[in-house]
1. What are the equivalent ellipsoid semi-axes of the stretch 467-562, built from the alpha-carbon gyration tensor (square roots of five times its eigenvalues), in whole angstrom, biggest first?
2. Between the stretch 403-453 and the stretch 137-215, how many Å separate their Cα centres?
3. When THR755, THR103 are ordered from fewest to most other Cβ atoms inside 10 Å of their Cβ, what list results?
4. Using the charge dipole of the stretch 686-761 (Lys, Arg: +1 at Cβ; Asp, Glu: -1 at Cβ; taken about the Cα centre), state which of LEU745, GLN709, VAL686 has its Cα farthest towards the positive end.
5. Averaging over every viewing direction, what projected area does the convex hull of the Cα atoms of the stretch 537-587 cover, in nm²?
6. From the cross-link list LYS127/LYS298; LYS293/LYS507; LYS197/LYS507, which pairs have alpha carbons spaced over 20 Å apart?
7. Evaluate E = 1/(1 + (r/R0)^6) for LYS216 and GLU191, where r is the Cβ-Cβ distance and R0 equals 25 Å; express this FRET efficiency to the nearest 0.05.
8. Once amide H atoms are placed 1.01 Å from N in the peptide plane, what residues at a sequence separation of 5 or more from GLY333, or on another chain, have their amide H within under 5 Å of its amide H?
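Read-outs throughout are calculated quantities, based only on the coordinates presented, and are distinct from any laboratory measurement. Every value quoted in this text rests on a predicted model; they were computed, and no experiment measured them. Glycine gets a Cβ as well: all are built from the backbone with ideal geometry, and neighbour counts include every protein chain shown.
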Amino acid sequence: MCRKSINTSSQAIVGERYVVTLCSVQIFTLLHLLSFLKKQTLQVFSAMDKKLLIAGAIALMSVPSLAQQVKVYDTGTKWDARLNHLVEGRTMQVLSANKSTQTVTPQSNISVSVSVNDAAAVEAAIKAAGYEAEIITDELVVAHIPASYITTLAEQPNVLFINAPRQFHKLMHNVRPETGVTKVTAGEGLETPFTGKGVVIGVIDQGFEYKHPAFKGRVVRYGANSGGGMLTERMPTSDRLDDVGHATHVANIAAGSKVEGSDYYGIATGADLILVSSKFTDTAVEAQAKSIKDYAEKNGQPWVINMSFGSIIGPHDGSTSHDQNMSKLCGEGGIMVAAMGNEGNDKFHAYREITSDSEPVYLYMKTDNNYNPNKIILSELWGTATDAQAHLTIKPCIINGSRLYEPTDEQLDNLSGFSTGIDPYNNRQYARLHLNSQVLASILKVTGTSYKVVWQVSGKQGDSFHAWIDGSNYYGNNFMAMSVGKYKAHSGDAEYMVGEGAATIGKAIAVASYNAASRFTNLNGSTYDAGVGETGDISNFSSHGPLVGEATPKPAVAGPGGTVLSAFSKNSAQFENYRSYQVQKVNSEGGTYYYGMMSGTSMATPAVTGIIALWLEANPKLTYENILDIMKATGRRDNHVGKVDANNWNATWGFGKIDAYNGLKKALEMKGQSGIDETLNSEAPVTISKNHNEWRVLFNNNESFATLQVFNTNGQLVSSEYVDAPRCGTERVVNLANFAPGVYLFKVSTTASSTTRKLVVK
């Protein structure tokens, strides 16, 4: 079972409501979900209106503060350009799962997430209009509304921007000793064993076999497979969103119980489980994550959420409203863990610089191995400039023979499937393409089937951009080299492939995959090479970082995800087709249940989730920043990890292989310190001074890293900034206007020192 997948179109129905699907996505595991396909599933092609380029958006704060949501937008319009056709009262021709066309009207209900200044006021206004709405954070509301209501909603003074949802897809015999879990759960050298007791693990996924004995007596709540976040004590009858039992495999890795007759149990066997079957849209995931957080906090429990899903399409800079507001859900004792993605040896990314004012740059989007022009192409291109200006002229074109077919502005205006604008969350210019190439060929009157679809990008010398292309079999699957007459394009690469929608969340621990094993033996005694690479090495499919324009470590760590044995769902439609991957079966309470092999960052992620649950049992007040500190201090860097930077990090491995045992001891050490100390370095590694309404930190030495933390007098962390490899003379400023009046402790930690000062805000 390799990570190459059976493919589907995107899910587009929530209950009886149409969800405008913005992009298809790459699977984060070895199998895709055929049951995701329904006759009524729609993929909505986005509209383009070049006249509505969004201008003047306020720049996103830099990464050390993890991309704080802006409070006011100065934009030309308050909604995503992909909604323009519907907002303008036009129907949209959309492509269904079976590639037939259907029509969506302005009266069709869609799911949107709304960035707001006052969540309560916006929620009340939507409900007063007779529609559904739910507050996710103080800056985000999820709503189900007809497209015809978007302009009315945009008139609300507290509405900042209306986002159409994206679609995500999903991405152990030796896992426990490999990561040091065995020593933790045995209590070796510890005062007590740790099993994750008292910690809530929420798994947002698809394909649960709820009655598998690995979960018996462990599940405290279930989440319905709707767009909402409602939890229930009642076990659902089935989870039909997934054909391969992805969620069953994932949940067992994180926390499955040891079942008599099986060796393949999970890591945090004492944790409470919440199993949430999801539609995998932004709006669904936001509501479901909030419901897990609310349940855990109501019961006074720390929590960790596993997200083995994501998308290729997006800005890849952590700036989206979804990313920012999911980060806001995290905090002390609340952690999110996400899969990096499975694009490590693919060419789904391209970075280009404009070298001539007069010569455009071309990106060739290869459709499939047979150069079939009938395949859908899903691609996005993002400028690197963050000044809210349109520096680039971007067009989808066709090269046929030696001739370039370039659409006119009028043709682009009417091309459903192309949209462009300035994103209000990062001030970057973007263009999106989501269409069957024959549609573009028909508009441009191109004949034949051997043509090539390309991005044509023009600008001034020095301008630059990133581009991504969805690589599933239903879509264009690589940026390829091309030379046709005077038109040339260079190959893409595998860099900057942090999974959108989960791993790109600022405060999500992004997980790469290394190989727990390279071979496995099935029930019939046949041994197979799993095709993932050498045991102990990075999995050949594991996606590489970093995040665009960010210092946030993505990935943060590598977990065992190649050739992992865990629970199989016998309810999956593909169960019989994958008998060769089954490694064990057990009889329990009159039923037969199975275990089998899967590979993917989807499998590495729950291993890390389970380990973090052990750490949270030891220290329930751990934060995202604490987890990063633990991984940096304890990550295993063997001969496979290779070269790291001054911060002991690289874009493939993060901080190295996760170490459950030494990480737990570090968590206990942090608990003993209570987060604050008064250690002063006599060599004055930093100089701290107050200037008006600011505290200034001057670094006197070259450091591999530094953290700037502010605690209240109760020892609670209220602000944190991570500084990557500050040099002598580097200065950082803490603005006191960001804090409520009171007394605080300001702590600056460097490679080998810690300095704390009293901070008074009047």
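1. 30, 22, 11
2. 35
3. Details: THR755 20, THR103 10.
The most exposed by this proxy come first: THR103, THR755.
4. LEU745
5. 6.0
6. LYS127/LYS298; LYS197/LYS507
7. 0.25
8. Answer set, sorted by chain and number: LEU622, THR623.
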